[in-house]
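For reference, the structure is listed below as structure tokens.
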Amino acid sequence: MAVAFVLVFAGLLLKRILEEAVAAEELNKIHAMEQVVASDANLAESLRQLERLANRLVDWNGFRIWRLSGGSLRLIYRAGEGLLAEPRENGASGGRLRDTAMSTGESVVISDAARDARARGIDPSAVSIAVVPLRFGDRPIGVVELDHHKRGTYGPKEIALVARFANQLATALHIQDLRQPLLAALARVETQLDTLNDSARALRSGAEVVAQNAA
């Protein structure tokens, strides 16, 4: 009994240590995502880095980011392709799941697409599906969509992790929205400075001509 007690205690202690080690590693990855969001990298590079870090937290075969634009979702990022030059429309495959996640603000999880009527029309290779809303405060940004070929891939723990890095994705997209007007304003200022420089050079040339004529 004494030996059994010691073994049980050691087992529980080892389990606790492993759980804390895993939690610490997950926290480090979340912090790394925060550094990516706070960096000066462009949107394509930021999303690529976030995808790489998120893949160390949750497994998937398909990873897609849909952004709300003009009242409807548009596919802007896809694993393997990166940031799309031209956003794609919300097609029939999975469109109902994405619309549900957007309208309710809650994650939509499919554990077995073959047995779930909500997954009708989905690619047969996608057995487990998770659609998590992207929100910045009260503002809906879009959804992130994951799929896997195994059943039951996305349980409560996995969805909690997806929700955590979904916040980083939403922040990155929101920062990009803020940067665009600033970049446009800087471009206008640079154009105006070039015009002023040209005007100054023209005035200087005119002044030199006047000075020569006066001489």
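The values are calculated or read from the model by the stated rules, or taken from the named source; none is laboratory data. If you're wondering where the values come from, they're calculated on a predicted model, not measured in any experiment. For the accessible areas, the whole protein counts, side chains as well, though only heavy atoms, and no ligand, DNA or RNA atoms are used. Shrake-Rupley method; radii C 1.70, N 1.55, O 1.52, S 1.80 Å.
Using 0.36 nm per residue, how much length does the chain from GLN212 to ARG151 gain when fully extended, once their Cα-Cα distance is taken away?
On the way: separation 61, 0.36 × 61 = 21.96 nm, distance 8.71 nm.
Taking 0.36 nm per residue and subtracting the Cα distance, the gain is 13.2 nm.
For ARG135, what accessible area in Å² do you get when you roll a 1.4 Å probe over the heavy atoms of the protein chains, rounding to the nearest 10?
90
Might you work out the accessible area of VAL210 for me, using a 1.4 Å probe with all protein chains in place, and round it to the nearest 10 Å²?
Solvent-accessible area, nearest 10 Å²: 90 Å².
Fully extended, how many nm does the chain gain between ALA114 and LEU178 (0.36 nm per residue separation, minus their Cα-Cα distance)? Walk me through the numbers on the way to the answer.
Numbers: separation 64, 0.36 × 64 = 23.04 nm, distance 4.18 nm.
Full extension of this stretch gives 18.9 nm more.
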